[in-house]
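The values are calculated or read from the model by the stated rules, or taken from the named source; none is laboratory data. Computed from a predicted structure; not experimentally measured. So basically every Cβ, Gly included, is an ideal-geometry build from the backbone, and we count neighbours across all protein chains shown.
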Amino acid sequence: MTIMPHVDVCGLCVTVRAADGSPLRIVDDVSFAIQRGEVLALIGESGSGKTTIALSLMGYARGGARISGQIKVGDATLNGAGPNSLEAQRGHRITYVAQSAAAAFNPSRRVIEQVIEPALIHGTANDAQARAHAVELFEALALPEPKTIGSRYPHELSGGQLQRLMAAMALITRPDLVIFDEPTTALDVTTQVEVLQAFRKVVREQGATGVYVSHDLAVVAQMADSVLVLNRGTVREQNTVRAVLETPADDYTRTLLAAATPVVKAAVPCATEAALLLSINGIHAGYGPVDRHGRPAHPVLSDVSLTVPRGGAVGVIGESGSGKSTVARVVAGLLAPTAGEVVLDGQPLAASLSQRSREELRRIQIVFQNADVALNPAHSVGEILGRVLRFYHGMSGSAAKARVAELLDLIRLPSAVANRRCDELSGGQKQRVNLARALAANPDVILCDEVTSALDTVVREAILELLAELRRDLGVAYLFISHDIATVKALCDDIVVLYKGTRVESGRSRAYDTPPYHPYTDLLISSVPELRTDWLTGVGQKDKPQLGPSAGDAVAISGLCRFLPRCPVGIAGRCNTTPPPLRMMEAGNVVLCHRTEAELAG
Amino acid sequence: MANLINRAGRLPLSGKIGLAFVLFWIVVAVIGPWIAPYSPGSFVNDEVFAESSRAHLLGSDFLGRDVLSRLLSGARFTVGLSAIAVAIAVGIGTGLALTAAVGPRWLDELLSRAMDTLISIPSKIFALVLVAAFGSSLVLLTMIIAVTYVPGNFRIARSLAVGLAKLDYVEVARARGEGRVHLALVEVLPNMIKPLFADIGLRFVFIVLLLSGLSFLGLGLQPPDADLGSLVRENTSGLAEGALAIIAPAAAIASLTVGVNLLIDAATQGKAE
């Protein structure tokens with residue numbers, strides 16, 4: 001191989017028509033080169049053009065967009081004729097792994113048929129060869145039961161498994177160039193680690209060139225050899241991963257690096273003796289019809305308790321399916337618990353919405369994750385906020401208008417936004433309006449359900465900062481639900497860890513800085529990617545589960561530790577026979593585990 | 001008003017054509033009888049199925065009446081009856097659909113099964129039976145046609161409303177303690193307007209055709225009144241010679257229904273994501 005790079009992009013521009021018909025460059029004069037077998041990361045926030053650039057490498061532009069400039073991948077060029085055009089090589093020599101594998105698979109066909117489809121379409125292998133190759137890839141990607149997993153349907157597989165299957169689909173034609181478009185963004189941290197490790201191994205084995213699109217520098221640090229930092233369609237910095245992480249040359253890169261580890265400046269440690277505001281005592285809840293014993297068909301929460309002091313911030317973390325959103329729904333009254341009670345200021349709240357007074361409802365407000373669907377697109381921002389003011393405070397006319405302006409000022413948006421509709425706002429702006437709607441009620445406590453999860457790191461940091469300031473200035477308390485322990489640690493005084501609907505650990509947020517903690521907390525914390533290139537190699541090398549998945553059936557029916565099937569430190573004869581005790585650690589955190597403090601610390 | 005004109009100006013060409021047709025037929029429906037050159041019931045031409053002439057622009061019908069005059073006075077029945085019937089059908093159908101979406105589960109079940117029962121009866125036969133049972137006065141005819149089209153609209157509106165009622169913004173309003181009426185009318189309804197309009201367009205066309213069909217069978221409007229459908233029926237004997245008397249009302253029905261659909265398609269497409 002000579003100095004000739006595998007991918008050579010020169011002066012790439014992508015132009016779309018703006019709303020008024022004038023041409024708008026969404027990618028402006030981008031040039032880069034990738035050597036054969038190397039991985040280049042495209043990094044930037046949403047709207048930076050990273051996906052557009054990745055797609056243009058396949059000669060593909062979304063509807064209405066026009067590509068100009070020079071792109072050369074191997075012997076193919078953008079305007080090449082016949083088999084030498086990028087378009088002809090798409091799906092064959094150049095393949096793509098999309099963000100949401102769950103949406104990318106056809107639910108009515110077995111996965112193996114979909115995985116080998118590219119090979120059959122492009123004629124690189126016959127059916128039997130392709131199937132054999134697929135099984136090899138499944139093995140390489142560390143999928144369970146590689147020989148038979150292909151005969152399942154997409155709904156029988158988890159998000160992480162589907163994402164790896166999608167990678168197998170991209171690799172089945174033995175491509176030269178694989179484009180990964182945010183492949184782990186939608187996954188839990190614990191799953192993300194496994195998927196990243198599988199990807200890295202396979203890409204190295206296949207010797208393919210890679211383009212990795214992401215907004216997360218820490219993920220990129222594990223996957224890529226060099227990084228291209230993008231902002232608003234222009235290149236801000238281009239260097240090797242190590243250089244970007246250690247000696248960033250551009251201001252924007254430094255902003256990204258800073259945002260990767262959120263630190264909230266306005267954070268006020270809550271005084272420990274603050275009065276109790278909200279307490280949740282022994283909540284059991286679930287979905288589906290309730291049977292004679294008062295147990296729902298799909299139980300989610302079992303015996304969850306937590307307390308929120310006045311003006312305090314309590315974080316609830318756990319992976320998807322841990323029941324953390326259900327906690328918020330129970331507190332808000334959207335879901336009636338089957339046992340246990342929610343107490344606000346010493347007054348037990350009714351289980352269902354209709355039995356709560358308007359005043360009780362006003363004091364607890366909920367903010368949902370996805371501002372795109374949490375704000376009614378038919379109404380203007382002013383109407384959305386005004387409705388809350390009229391409903392709870394009987395405000396209308398100029399008083400309401402003035403209050404809306406005040407609220408918008410509080411969330412750092414210009415007052416002109418009141419006349420705009422939500423679909424004209426950016427993601428971060430929408431999330432601010434979402435927050436303002438809760439603030440309009442003058443609540444005592446706001447339930448934040450993954451409010452920062454859908455946002456870019458830079459925007460996320462701004463929202464966190466806003467939340468902390470509001471808490472300092474207005475004395476509002478938060479029940480902050482998230483899957484991201486870094487976010488929770490930055491904002492909250494106390495943290496509760498949920499696993500499959502049980503509370504496995506709770507304590508001050510400082511207690512989560514160092515062990516001992518619950519084995520699950522340990523897994524969560526160690527799964528968060530760190531900003532160094534060798535992190536992925538070191539992680540996940542811990543012991544495999546002691547008692548294995550076979551313990552799963554017993555766990556489901558009794559009060560045994562639910563983490564047992566995945567626990568690396570399970571004790572045979574104890575963990576699979578008796579329910580775990582609550583242990584008080586020296587740092588003040590309470591852990592639900594058979595292991596003693598000394599054992600957990602080691 | 002200025003806003004409406006502004007929006008009309010931004011319609012694509014097909015939408016403008018549709019709008020022109022619709023406006024034309026509304027104007028005809030309103031002022032038709034006054035600009036008709038002859039009385040619709042009087043025999044003014046000795047020749048039946050006459051060709052177009054200066055005195056009779058659209059010729060004469062099977063009894064020697066002026067086709068243009070009959071068309072101008074018949075249009076108001078087709079346009080008016082259909083518009084009123086579609087308004088009633090959509091009002092009831094969407095109203096019940098919203099009730100089902102935000103109401104308790106048993107009410108949803110009850111309404112849905114009741115509508116399923118109605119929808120399982122073929123609409124034309126159903127209308128025929130009702131007309132046969134209750135006679136065919138103008139009011140009754142409108143009601144019958146409206147009721148016939150309630151279930152179809154209910155099904156579409158309910159599936160839209162149930163989907164929207166699960167979204168977070170409705171959940172937020174519910175957590176705020178809003179009543180069901182607010183949830184239905186303020187949170188859900190505004191977001192289903194566009195697909196609902198597409199359905200209204202379709203249903204308007206169905207109603208025009210059903211009304212014309214009923215009239216064609218002699219069960220719709222009774223003489224001496226005549227809508228566009230009855231004009232086609234009474235002149236069927238002229239079909240063999242390609243008389244204007246049958247082509248004109250048929251073309252009128254076509255232009256009305258096509259116009260309505262072009263307009264609604266263009267208007268609802270505009271901002272769809």
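Here is a check on your reading of the model: is A:L447 among the hydrophobic types (A, V, I, L, M, F, W, C), more than 14 Å from chain B (Cβ to nearest Cβ) and crowded, with 21+ Cβ neighbours inside 10 Å?
Details: among the hydrophobic types (A, V, I, L, M, F, W, C): yes; more than 14 Å from chain B (Cβ to nearest Cβ): no; crowded, with 21+ Cβ neighbours inside 10 Å: yes.
In short, no.
Which one is nearest to the chain's Cα centre (by Cα), of the residues in region A:165-181 that are assigned to a strand (DSSP E or B) and under 9 Å from A:T95 (Cβ atoms)? Even if it seems obvious, please write down each step before you answer.
Residues of region A:165-181 assigned to a strand (DSSP E or B): A:177-181.
Next, from what is left, pick out any that are under 9 Å from A:T95 (Cβ atoms): A:177-179.
Values: A:L177: 26, A:V178: 23, A:I179: 20 Å.
Selected residue: A:I179.
Given the criterion more than 14 Å from every other protein chain (Cβ to nearest Cβ), closer than 30 Å to B:V67 by Cβ and in contact with a Phe, Trp or Tyr (Cβ under 8 Å, 6 or more places away or on another chain), identify the matching residue among B:L263, B:L231, B:L214.
B:L263
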Looking at region A:375-385, which of its residues are surrounded by fewer than 21 Cβ atoms within 10 Å (Cβ to Cβ) and facing another protein chain (nearest Cβ under 7 Å)? A:P377, A:A378
Report yes if B:L189 is within 9 Å of another protein chain (Cβ to nearest Cβ) and touching a residue at least 40 places away in the same chain (Cβ under 8 Å), otherwise no. yes
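Okay, residues lined up against (1) surrounded by 19 or more Cβ atoms within 10 Å (Cβ to Cβ); (2) among the aromatic types (F, W, Y); (3) closer than 20 Å to A:E450 by Cβ:
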{"site": "A:L474", "(1), (2), (3)": "no, no, no"}
{"site": "A:H483", "(1), (2), (3)": "yes, no, yes"}
{"site": "A:D494", "(1), (2), (3)": "yes, no, yes"}
{"site": "A:S506", "(1), (2), (3)": "yes, no, yes"}
{"site": "A:D513", "(1), (2), (3)": "no, no, no"}
{"site": "A:V528", "(1), (2), (3)": "no, no, yes"}
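Does region A:34-54 contain any residue that is part of a strand (DSSP E or B) and in contact with a Lys or Arg (Cβ under 6 Å, 6 or more places away or on another chain)? First the steps, then the outcome.
Residues of region A:34-54 that are part of a strand (DSSP E or B), as a first pass: A:34, A:39-43.
With the extra rule that they be in contact with a Lys or Arg (Cβ under 6 Å, 6 or more places away or on another chain), the set shrinks to A:42.
Looking for residues that are part of a strand (DSSP E or B) and in contact with a Lys or Arg (Cβ under 6 Å, 6 or more places away or on another chain), one finds at least one in region A:34-54, hence yes.
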Report yes if some residue within region A:386-405 is farther than 19 Å from B:A175 by Cα and crowded, with 20+ Cβ neighbours inside 10 Å; otherwise report no. yes
Identify the single condition in (1) part of a helix (DSSP H, G or I); (2) among the hydrophobic types (A, V, I, L, M, F, W, C); (3) surrounded by fewer than 23 Cβ atoms within 10 Å (Cβ to Cβ) that B:L262 does not satisfy, given that it satisfies every other one. (3)
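Residue-by-condition table, conditions (1) within 14 Å of chain B (Cβ to nearest Cβ); (2) over 25 Å from A:G501 (Cα atoms); (3) charged (D, E, K, R):
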| site | (1), (2), (3) |
| --- | --- |
| A:G311 | no, yes, no |
| A:E341 | no, no, yes |
| A:I366 | yes, no, no |
| A:V373 | yes, yes, no |
| A:F391 | yes, yes, no |
| A:L410 | no, yes, no |
| A:S415 | no, yes, no |
Provide a single number: the residues in region A:353-363 that are more than 8 Å from every other protein chain (Cβ to nearest Cβ) and either touching an Asp or Glu at 6+ places or on another chain (Cβ under 8 Å) or part of a loop (DSSP other than H, G, I, E, B) (or both). 2
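Could you say which residue among A:V327, A:V314, A:V304 is in a helix (DSSP H, G or I) and buried (at least 24 other Cβ atoms within 10 Å of the Cβ)? Walk me through how you get there before you give the answer.
Numbers: A:V314 fails: in a helix (DSSP H, G or I); A:V304 fails: in a helix (DSSP H, G or I).
Of the residues listed, the single one that is in a helix (DSSP H, G or I) and buried (at least 24 other Cβ atoms within 10 Å of the Cβ) is A:V327.
If we keep just the residues of region A:343-352 that are touching an Asp or Glu at 6+ places or on another chain (Cβ under 9 Å) and outside any loop (DSSP other than H, G, I, E, B), which is nearest to the other protein chains (Cβ to nearest Cβ)?
So in region A:343-352, the residues touching an Asp or Glu at 6+ places or on another chain (Cβ under 9 Å) come out as A:344-345, A:347-351.
If we keep only those that are outside any loop (DSSP other than H, G, I, E, B) too, we end up with A:344, A:347-348.
Numbers: A:L344: 14, A:Q347: 16, A:P348: 18 Å.
Among those residues, the one meeting the criterion is A:L344.
Residues in region B:90-125 that are farther than 18 Å from B:A184 by Cα and not charged (D, E, K, R): how many? Full working, then the answer.
Residues of region B:90-125 farther than 18 Å from B:A184 by Cα: B:110, B:113-125.
When the remaining residues are screened for being not charged (D, E, K, R), the result is B:110, B:114-115, B:117-123, B:125.
Of the residues in that region, 11 qualify.
Restricting to region A:425-434, and then to whatever is part of a helix (DSSP H, G or I) and away from chain B (no Cβ under 12 Å), can you tell me which residue is nearest to B:E171 (Cα to Cα)? Full working, then the answer.
Taking region A:425-434 as the starting set, the residues that turn out to be part of a helix (DSSP H, G or I) are A:427-434.
Now drop any that are not away from chain B (no Cβ under 12 Å), which leaves A:427-429, A:431-432.
Values: A:G427: 20, A:G428: 21, A:Q429: 21, A:Q431: 16, A:R432: 18 Å.
Top of the filtered list is A:Q431.
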Free of Cβ contacts under 8 Å to residues at least 12 places away in the same chain, β-branched (V, I, T), under 30 Å from A:S48 (Cα atoms) and part of a helix (DSSP H, G or I): is that true of A:V417 in this structure? no
In region A:1-20, which residues are exposed (fewer than 14 other Cβ atoms within 10 Å of the Cβ), over 18 Å from A:A61 (Cα atoms) and not aliphatic (A, V, I, L, M)? A:T2, A:D20
Being of a type in the set (V, I, T), surrounded by fewer than 19 Cβ atoms within 10 Å (Cβ to Cβ) and touching a residue at least 40 places away in the same chain (Cβ under 8 Å) narrows it down to one residue among A:T95, A:T148, A:T77, A:T124; which is it? A:T124
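How about region A:184-214: which of its residues are under 13 Å from A:Q99 (Cα atoms) and either modelled with pLDDT of 85 or more or not in a loop (DSSP other than H, G, I, E, B) (or both)? Steps first, answer last, please.
Pass one, region A:184-214, residues under 13 Å from A:Q99 (Cα atoms): A:184-187, A:192, A:195, A:212-214.
Listed by number, the residues that qualify are A:Q192, A:V195, A:Y212, A:V213, A:S214.
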Does region B:219-227 contain at least one residue that is buried (at least 23 other Cβ atoms within 10 Å of the Cβ), in contact (Cβ under 8 Å) with a residue 24 or more places away in the chain, in a helix (DSSP H, G or I) and in contact with a Lys or Arg (Cβ under 8 Å, 6 or more places away or on another chain)? no
Unique residue being buried (at least 21 other Cβ atoms within 10 Å of the Cβ), within 14 Å of another protein chain (Cβ to nearest Cβ) and over 19 Å from the mean Cα position of the chain (by Cα) when the list is B:A243, B:A248, B:A161: B:A161
Inspect all residues belonging to region A:196-203 and state whether any of them is touching a Gly at 6+ places or on another chain (Cβ under 8 Å) and surrounded by fewer than 23 Cβ atoms within 10 Å (Cβ to Cβ). yes
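Within region A:65-98, can you find the residues that are under 30 Å from the mean Cα position of the chain (by Cα) and either assigned to a helix (DSSP H, G or I) or farther than 22 Å from A:V115 by Cα (or both)?
Of everything in region A:65-98, just one residue is under 30 Å from the mean Cα position of the chain (by Cα) and either assigned to a helix (DSSP H, G or I) or farther than 22 Å from A:V115 by Cα (or both), namely A:A65.
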Which of (1) surrounded by 23 or more Cβ atoms within 10 Å (Cβ to Cβ); (2) more than 8 Å from chain A (Cβ to nearest Cβ); (3) without any contact (Cβ under 8 Å) to a residue 24 or more places away in the chain is the odd one out, the single condition B:N153 does not satisfy? (3)
So A:V330 passes all but one of these: (1) within 13 Å of chain B (Cβ to nearest Cβ); (2) more than 21 Å from A:D494 (Cα to Cα). Which condition number does it fail? (2)
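What number of residues in region A:340-363 are under 21 Å from A:P289 (Cα atoms), more than 31 Å from the chain's Cα centre (by Cα) and of a type outside the set (S, T, N, Q)?
To start, the set of residues in region A:340-363 that are under 21 Å from A:P289 (Cα atoms) comprises A:340-341, A:350-355.
Those left that are additionally more than 31 Å from the chain's Cα centre (by Cα): A:350, A:354-355.
Filter once more, keeping what is of a type outside the set (S, T, N, Q): A:350.
Number of matching residues: 1.
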Condition set part of a helix (DSSP H, G or I) and of a type in the set (D, E), scope region B:164-184, selection farthest from the other protein chains (Cβ to nearest Cβ): answer is B:E171
